[in-house]
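**Student:** Take this structure, written in structure tokens, and hold onto it; I'll ask about it next.
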Amino acid sequence: MTEARAHRLAGGAPVAPVAPAPAARPALPSPGRRGADPAAAEEFIRLFHAEHPGAGRPGRRLAEVRASIAEHGTYRHTLAELAFGARVAWRNSKKCIGRLYWKSLSVRDCRHVTTPLGMYLHCVSHLRLTFNGGRIRPMVTVFPPAGPDGAGPRIHNEQLVRYAGYRRPDATVIGDPSSVALTDAAGAAGWHGGRGTAFDPLPLLIETPEAGLRVFDLPPEVVRNVPIEHPTLPWFGELGLRWYAVPAVADMTLEIGGIHYTAAPFNGWYMGTEIGARNLADVDRYDMLPEIAGRMRLDTSGDHTLWKDRALVELNVAVLWSYRRAGVAITDHHTESSRFLLHIRREERQGRRVPADWSWIVPPMSAATTAVFHRYYDETDLRPNYLREHER
Ligand code: ARG
């Protein structure tokens with residue numbers, strides 16, 4: 001154990017705002033782009049004007065954007081374009097069942113924030129603002145885009161809040177097994193580790209082309225956690241389960257009109273199954289079903305007794321009940337299925353298609369009890385969108 005870790009376990013101050021990386025990597029892996037794609041830019045500007053009749057015809061703006069790309073390899077979105085682009089990127093997200101409220105996304109323009117410390121501070125304020133006393137506000141914070149060379153700032157964390165996964169010598173993991181690589185990377189970059197519980201928030205790993213990689217602990221008060229208990233099974237709380245309030249995806253690139261915002265963390269609120277049927281249930285995540293089934297005294301002698309299914313339902317009841325009790329926004333998969341079909345009807349009335357990926361839209365439990373199961377979807381890829389590195 002390191003000294004700092006021992007100090008921490010002994011109750012020492014947990015927050016180290018800045019730990020410099022041992023040796024900063026050169027620049028970010030650059031896809032070797034030559035600036036913004038003029039065709040993508042043009043398509044977006046036309047879309048913006050088509051959906052904003054008040055903004056007039058696109059001619060002047062198109063000429064301006066073309067000239068800027070010719071001269072500088074890129075162009076700058078107006079605030080209205082940025083907000084619209086970020087919202088439409090959500091509207092176009094094929095994996096998301098929660099798109100009914102796409103117009104209500106709050107867009108924070110942080111294109112002026114260029115240092116890792118500045119980005120960290122704005123991620124912290126993002127978490128504060130989005131929580132909103134539990135009535136979570138869908139929100140995106142947009143940092144500077146990649147330049148014409150393709151290099152841009154990055155948040156390495158999958159989400160702003162995520163629990164560490166500590167690999168033990170016997171190859172088992174304390175915490176979230178999906179976080180082992182990032183937990184190791186944080187350690188290599190100077191992080192001293194958390195308290196060693198199964199639910200230690202990870203620090204943020206933020207990298208810019210100029211400053212390299214930096215590591216920052218989140219102030220504990222912005223990491224809102226919900227202890228998981230069950231409305232009728234008193235022992236459930238003894239499992240010591242919890243999950244965080246805000247699912248803020250941080251490692252995707254927001255692409256708008258050929259501009260790549262490589263750091264643009266965004267969030268809505270949770271659907272219960274993400275936590276109860278995946279994060280806490282998957283065999284390669286927290287794998288809680290065997291223990292829950294044991295406490296329920298189910299017959300686990302064979303798959304045919306459906307002990308996993310019965311444990312799964314109680315875990316999901318517990319998640320939804322606990323978030324509601326804590327006053328933290330959450331939704332269930334039946335409600336969200338109806339809302340999504342309403343969203344499709346509304347969009348189609350506007351003459352728009354709603355691209356969707358069946359395998360992501362259909363919830364991971366009780367699939368056929370939800371209406372989204374019983375149909376197929378348009379699978380087109382549209383822009384703007386939120387993309388993973390390999391999709392760019
Ligand atoms: N599925 C991810 C998780 O369980 C979160 C993805 C975004 N989810 C959302 N409801 N906005 O952490």
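The numbers here are math on the coordinates, done by the rules we state, and not lab data. Keep in mind the model is a prediction, meaning the values are calculated, not measured. Note: ideal-geometry Cβ built from the backbone for every residue, glycine included; neighbour counts use all protein chains shown.
**Student:** Expected output is a single nm value to one decimal: the length gained when fully extending between Glu389 and Glu64, i.e. 0.36 nm times separation in residues minus the C-alpha distance. What is it? Could the numbers behind the result be given before it?
**Tutor:** Working: separation 325, 0.36 × 325 = 117.00 nm, distance 2.90 nm.
Result for the pair: 114.1 nm of gain on full extension.
**Student:** Would you mind ranking Thr114, Thr78, Thr183 by Cβ crowding within 10 Å, fewest neighbours first? Before the final figure, lay out each step's value.
**Tutor:** Numbers: Thr114 15, Thr78 11, Thr183 26.
Listing Thr114, Thr78, Thr183 from fewest to most nearby Cβ atoms yields Thr78, Thr114, Thr183.
**Student:** Note down the nm distance, to one decimal, between modelled labels 7 Å out along Cα→Cβ at Arg57 and at Glu210.
**Tutor:** It is 4.1 nm.
**Student:** Please report, in cubic angstrom per residue, the volume enclosed by the convex hull of the alpha-carbon atoms of the range 216-324. Display every interim value, and only then the final one.
**Tutor:** Details: hull volume 15.6 nm³, N = 109.
Convex hull volume per residue, Cα atoms: 143 Å³.
**Student:** For the range 136-176, I need the span (max minus min coordinate) of the C-alpha atoms along each principal axis, in Å, sorted largest to smallest.
**Tutor:** Extents along the principal axes: 46, 34, 7 Å.
**Student:** Pull out the extension gain between Arg34 and Asn225, defined as 0.36 nm times the separation in residues minus the alpha carbon to alpha carbon distance; nm, one decimal. Show your work: numbers first, answer last.
**Tutor:** Values: separation 191, 0.36 × 191 = 68.76 nm, distance 4.33 nm.
My answer for the length gained is 64.4 nm.
**Student:** What do you get for GluC sites (Glu not before Pro) in the range 318-380 restricted to DSSP loop and a cutoff of at most 11 other Cβ within 10 Å of the site's Cβ? Walk me through the numbers before you get to the answer.
**Tutor:** Details: sites: Glu336, Glu347, Glu348, Glu379; in loops: Glu379.
Within the range 318-380, the qualifying GluC sites (Glu not before Pro) (loop, at most 11 other Cβ atoms within 10 Å) are Glu379.
**Student:** According to a simple spin-label model (label point 7 Å from Cα along Cα-to-Cβ), what is the distance in nm between Arg324 and Leu117?
**Tutor:** 4.6 nm
**Student:** Turning to a different aspect of this structure: Given Gly212, Thr114, Pro169, which one lies farthest toward the positive end of the charge dipole of the chain, if we put +1 on the Cβ of every Lys and Arg and -1 on the Cβ of every Asp and Glu?
**Tutor:** Going by the Cα projections, it comes out as Thr114.
**Student:** Ok, one more. Calculate log10 I(q)/I(0) of the range 157-223 for q = 0.12, 0.18, 0.28, 0.29 Å⁻¹, where I(q) comes from the Debye formula with a single equal point scatterer on each Cα and nothing for solvent.
**Tutor:** After summing over all Cα pairs, the log10 values are -0.29, -0.62, -1.33, -1.40.
**Student:** To continue, here is another question. Rounded to the nearest 500, what is the 222 nm mean residue ellipticity of the chain from helices alone, with -39500 (n - 2.57) per DSSP H run of 4+ residues and division by all residues? Write out the running numbers ahead of the final one.
**Tutor:** Numbers: 10 runs with 121 residues, N = 392.
Rounded to the nearest 500, it is -9500 deg cm²/dmol.
**Student:** Take the Cβ-Cβ distance between Ala371 and Lys103 as r, set R0 to 22 Å, and report the resulting FRET efficiency rounded to the nearest 0.05. Write out the running numbers ahead of the final one.
**Tutor:** On the way: r = 23 Å, r/R0 = 1.04.
According to the calculation, E is roughly 0.45.
**Student:** Need one number: the % of Cα-Cα pairs in the chain sitting beyond the 27 Å mark. Walk me through the numbers before you get to the answer.
**Tutor:** Working: 41754 of 76636 pairs.
Percent of Cα pairs beyond 27 Å in the chain: 54.
**Student:** Residue by residue, what Karplus-based ³J(HN,Hα) values in Hz, rounded to whole numbers, does the range 146-162 have, using 6.51, -1.76 and 1.60 with θ = phi - 60° and x for Gly and Pro?
**Tutor:** Karplus-based 3J(HN,Hα) across the range 146-162 equals 4, x, x, 7, x, 8, x, x, 9, 9, 6, 5, 5, 9, 4, 10, 7 Hz.
**Student:** Would you mind computing the Rg to Rh ratio of the range 91-247 from its alpha-carbon coordinates, Kirkwood style for Rh?
**Tutor:** Details: Rg = 17.5 Å, Rh = 17.5 Å.
Rg/Rh: 1.00.
**Student:** What percent do you get for the relative contact order of the chain when only Cα pairs under 8 Å and 6+ apart count? Don't skip to the end; give the middle numbers.
**Tutor:** Details: 732 pairs, mean separation 85.5, N = 392.
Worked out over the chain, it gives 22 percent.
**Student:** Excluding residues fewer than 8 places away in the same chain, name every one of the lysines whose C-alpha is closer than 18 Å to that of Lys103.
**Tutor:** Within the straight-line cut-off, Lys103 pairs with Lys94, Lys95.
**Student:** Compare Ala39, Ala55, Ala186 in a GNM of the chain, Cα atoms joined below 10 Å, and give the one with the largest fluctuation.
**Tutor:** Ala55
**Student:** For Asn385, enumerate residues with amide H under 5 Å from its amide H, sequence gap 5+ or separate chain, H modeled in the peptide plane.
**Tutor:** HN-HN under 5 Å from Asn385: Glu255.
**Student:** Restricting attention to the range 95-136, which trypsin sites (Lys or Arg not before Pro) occupy a DSSP loop and are surrounded by at most 15 other Cβ atoms within 10 Å? Walk me through the numbers on the way to the answer.
**Tutor:** On the way: sites: Lys95, Arg99, Lys103, Arg108, Arg111, Arg128, Arg135; in loops: Lys95, Arg111, Arg135.
Filter output for the range 95-136: Lys95, Arg111, Arg135.
**Student:** A further question follows. For the range 286-366, what mean projected area does the convex hull of the alpha carbons give, in nm²? Each step should come with its number before you reach the end.
**Tutor:** Values: hull surface 29.8 nm².
So the Cα hull casts an average projection of 7.4 nm².
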